[in-house]
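Coordinate-derived values only; no laboratory data. Only a predicted model underlies this, so the values are computations on that prediction, with no experimental measurement involved. Cβ placement follows ideal geometry from the backbone for every residue including glycine, while neighbour counts extend to all protein chains displayed.
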């Protein structure tokens, strides 16, 4: 029996969306089989762009225009491939009841050679479905204090409608960074559904998930959502631009959803309890997800039948021209590639602290980082780095988040620990790390810590039962 409550089937105006914490409809897990060759249905001729367009007045912080050889995978520097039916130790079927196994097979996820990414659901001869789900390596997309965050993608939904589309569930969305490594803290950490669609309906849904489930201030499991048809050509037959903005330049702060520049949904800070808003905005930021699910609570609830059905046609891709993240106003200047250590007492615990900006260290080296700037590395048992004068303020920090990578051999792992004011102090929090796929294969890992206020010297200490190097660190930060 699933430990998660069963959600009621949502009406079309209130989607049951993708947080992996919710198992609404239990789908029989199938064995992942090799996908058979299925001809991809040709899309109508549409104009594509080879680069992310400039946006006057905004600073581009991150982007991917999916330029590369046809049939190649999207950049592993930018993207993590989610594999199978769940996160390790997370809810089954991604918590949504979807039935497709996600893969990194180019038949399911690849560049098309024309500046686009295609995520293509497939079905083999035994009826087993596969698809793909990718998420950004970065998990710190956040509106600057006093400024605005903009997340935007130009996307054509799978070009399929009617009975042939039953069970198709494309989405472009973002989850709060504390979800990584925990997988059971949804919806409190926040979820922004920038674009969702099911069953080939000509409509885009935008939804906020927050608070607690079921019920709570965000009406879980449905969330606070709105939907509308795509302007002009249908969502399925043409590219449209889907945008989300998190605005901290206004009071109360506001979240906004757009399609082709037309706003269709918003949520203001004063609509939610202060604690709920702080929980979903006070951490290090968000990571972005692109996926096409097959079946699950949302398409089932809208159609009134279990999906996919025998009429559902495989092989229709979601096509993504670009994804970009911009900021405007506030502190929107990207950090320098190699910042000098700040003076003692001048570090903000809630900003991104570059690991190479230590004041003192033992056993730690620095090297060029694939994400820009430098990282610290060659870290083994007993090594440490000191960051003086980190100001936590009067609102207690309760979370530590670090960007780490490991190319350690099998059986080698260790702890990344946080200590205050002395290396001999007891750790206030830690997380374990093992091989992530390479010394530059970065993961953002959160950990709970004891409540901290005031200004302290912060030590990162490293403890392992083996003598070998086991971790690199790019940056870290703290959250409430």
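Some observations on this one:
- Computed over the chain: relative contact order in percent, which uses C-alpha pairs under 8 Å that are six or more apart: 18
- Label point distance in nm, residue 306-residue 432, each placed 7 Å from Cα along Cα→Cβ: 3.7
- Alpha carbon centroid spacing (whole Å) that separates segment 110-171 from segment 459-480: 33
- Rg and Dmax [Cα atoms of segment 303-458; Å; Rg one decimal, Dmax integer]: 20.5, 65
- Calculated SAXS-style log₁₀ I(q)/I(0) at q = 0.07, 0.16 Å⁻¹ - segment 59-329, Debye, Cα scatterers: -0.22, -1.30
- Our Cα-only numbers for segment 92-245 put the radius of gyration and Dmax at 16.4, 54 Å.
- Inter-label distance for residue 251 and residue 92, nm, one decimal - labels placed 7 Å from Cα along Cα-to-Cβ: 5.0
- Cα gyration tensor shape for segment 52-168, rounded if a/c is under 1.5, else prolate or oblate: prolate
- Estimated from helical segments only, the mean residue ellipticity of the chain at 222 nm is -1000 deg cm²/dmol, where each DSSP H run of four or more residues counts as -39500 (n - 2.57).
- Answer label, with percent of Cα pairs over 40 Å apart calculated from the coordinates and candidates (i) 26; (ii) 19; (iii) 37: (ii)
- Dimensions of segment 198-300 based on its C-alpha atoms, expressed as ranges along the principal axes with the largest first, amount to 41, 31, 22 Å.
- Remark: the residue 60-residue 77 segment gains 4.4 nm on full extension, using 0.36 nm per residue and subtracting the alpha carbon distance.
- The base-10 log of I(q)/I(0) for segment 252-312, evaluated at q = 0.13, 0.14, 0.16 Å⁻¹, reads -0.66, -0.73, -0.86 [Debye formula, identical scatterers on Cα atoms, solvent excluded].
- Compared with the alpha-carbon gap, the fully stretched path from residue 395 to residue 346 is longer by 15.9 nm at 0.36 nm per residue.
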